Amino acid sequence: MGMAAAWCLASRGARVLGIDRHQLGHDRGSSHGGSRIVRQAYFERADYVPLLRRADELWREIELASLTRLVHRCGVIYGGPNGSAVLAGVKASAQAYGIALERLTVAQASSRFSALEGCLERVDEFVLEPNAGFVRPERAILAMAENAQWRGAHMRPGVRVDSWRARDGIIEVNAGGCTEVTQSLILTQGAWVGEFIAEAQSMVTNTRQVMAWVTPRTPTLCDEHSLPAFFIERESGVPIYGVPTATDQPGPLGVKIGFHGGGQPCHPDALDRTVTSEEREAFARALERAVPGAAGSVSAAAVCMYSSTPDDHFVVDRVSTQARVFSAFGMGGHGFKFAPVIGSALADLALVGRTSLPIGFLRKNRFARG
Ligand SMILES: Cc1cc2nc3c(=O)[nH]c(=O)nc-3n(C[C@H](O)[C@H](O)[C@H](O)COP(=O)(O)OP(=O)(O)OC[C@H]3O[C@@H](n4cnc5c(N)ncnc54)[C@H](O)[C@@H]3O)c2cc1C
């Protein structure tokens, strides 16, 4: 979110300093793992759709500006039982905003995407969103960084922000032994946001999330031309999502999968990054049931964090009454696709104190007590 804000601000000619405690494209936060699903028929809440539309335009702008392909439009297929809240939400958002969807019987989906044949989950219907797909997060962050720098932004990777304070409308930021002075500050520390915004501590829970890569027994059924990204409800618990093998990566890492939700609460500085053999086996078994043609052995795994609010919707708001300090946090397990539009909203707020983007439903006062 921070890099997107820096890119938007630099694009508008603002003087920008971006500070991150790690190197650009690192794997210590919530934005690594090679892929993030992008979609618009939003089951989480239809209010997100206008933001997603703008995000999609901005992803294309970033691709053009950086001459880098970031979004792979292989489609996303959702599967669930009759009465599934996910499928109902997908269809409702699509209907409200005229998003193209294809409803497929299980037989139709299996004949079109052979990897789905023999799905053992209780799926009564599949719904395909053809214009969805996945974005490459590390590549996106680097593309935004390079373009922002080309437009004059300064980046200080590997520098930790220690503290900030506002005095008479001026903001001081202490980082790496220096004090920077600014008129507007954007705080986007992800899982660490509670260290800098006291009120965020009670709004955000961080959880440990595991991603795994499976080398499919039949790789040809599982590349991005043969299989869309998928989100399938499971009888036994949290949904499984996955991303097909991208055809532009150097090594065949295979199909990426994860469970959407659950996860043990964690502290971001004490995150257990070891993936156990039980966790790997659970992924292999779940994939075998949900997308049998993608099944195979787990070749890699990584740990990441969801940083979520109680209602699983983001907070994008002003966070100081004293000065122009703004934040986006609680981006949970679905925030990456929004990065450019959230960055754009933060840039508006930092420059003029308001935005025409429809982010009213993301204000923090929805958690106010009493
Ligand atoms: C396994 C997994 C799968 C996901 N799948 C999807 C998906 O398919 N689609 C989707 O849209 N979203 C997905 N998400 C969610 C999405 O990735 C996150 O919502 C998003 O990346 C959060 O971005 P952020 O900028 O808030 O946090 P981060 O990317 O973690 O950025 C926070 C940054 O703040 C820096 N920082 C922290 N403290 C300091 C400090 N003191 N000084 C300086 N810098 C500091 C960190 O180094 C870090 O770079 C997934 C998340 C996970 C974990």
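Give a quick list of chymotrypsin sites (Phe, Trp or Tyr not before Pro) in region 291-332 that DSSP marks as loop, anything other than H, G, I, E or B, with at most 16 other Cβ atoms within 10 Å.
none
In summary, the helical segments of the chain meeting the span-like criteria, namely a full DSSP H run, a Cα extent along the axis of 24 angstrom or more and a mean Kyte-Doolittle hydropathy of at least -0.5, are 49-66. Dipole magnitude for region 112-256: about 380 debye, using +1 per Lys or Arg Cβ and -1 per Asp or Glu Cβ, origin at the Cα centre.
Counting pairs of alpha carbon atoms under 8 Å apart in space and at least six apart in sequence, what relative contact order in percent does the chain give? Don't skip to the answer; put the middle values down first.
Values: 821 pairs, mean separation 87.1, N = 370.
Value for the chain: 24 percent.
Exposure proxy ranking for 304, 8, 178, based on other Cβ atoms within 10 angstrom of each Cβ and starting from the fewest, stands as 178, 304, 8. Taking every C-alpha pair closer than 8 Å and separated by at least 6 residues, the mean separation divided by the residue count of region 4-77 gives a relative contact order of 13 percent. When the Cα atoms of region 246-349 are aligned to their principal axes, the ranges along those axes come out at 55, 32, 24 Å in descending order. Taking 0.890 mPa s as the viscosity and 25 °C as the temperature, the Stokes-Einstein diffusion coefficient of region 168-291 based on its alpha-carbon Kirkwood radius rounds to 137 µm²/s. Under the combined filter of DSSP loop state and at most 12 neighbouring Cβ atoms within 10 Å, region 220-300 retains these trypsin sites (Lys or Arg not before Pro): 273.
Size estimate for region 1-135 follows the Kirkwood approach: the inverse of mean 1/r over distinct Cα pairs works out to 17.2 Å.
Measuring nothing but how far apart in sequence close Cα pairs (under 8 Å, 6+ apart) lie, relative to its length, region 216-280 scores a relative contact order of 25 percent. Debye-formula intensities of the chain, expressed as log10 I(q)/I(0) at q = 0.07, 0.08, 0.11, 0.14 Å⁻¹, are -0.30, -0.40, -0.75, -1.21 (one equal scatterer per alpha-carbon, no solvent).
Only the coordinates and a few stated rules stand behind these numbers; no lab work does. Given the structure is predicted, the values throughout are model-derived calculations rather than measurements. Note: ideal-geometry Cβ built from the backbone for every residue, glycine included; neighbour counts use all protein chains shown.
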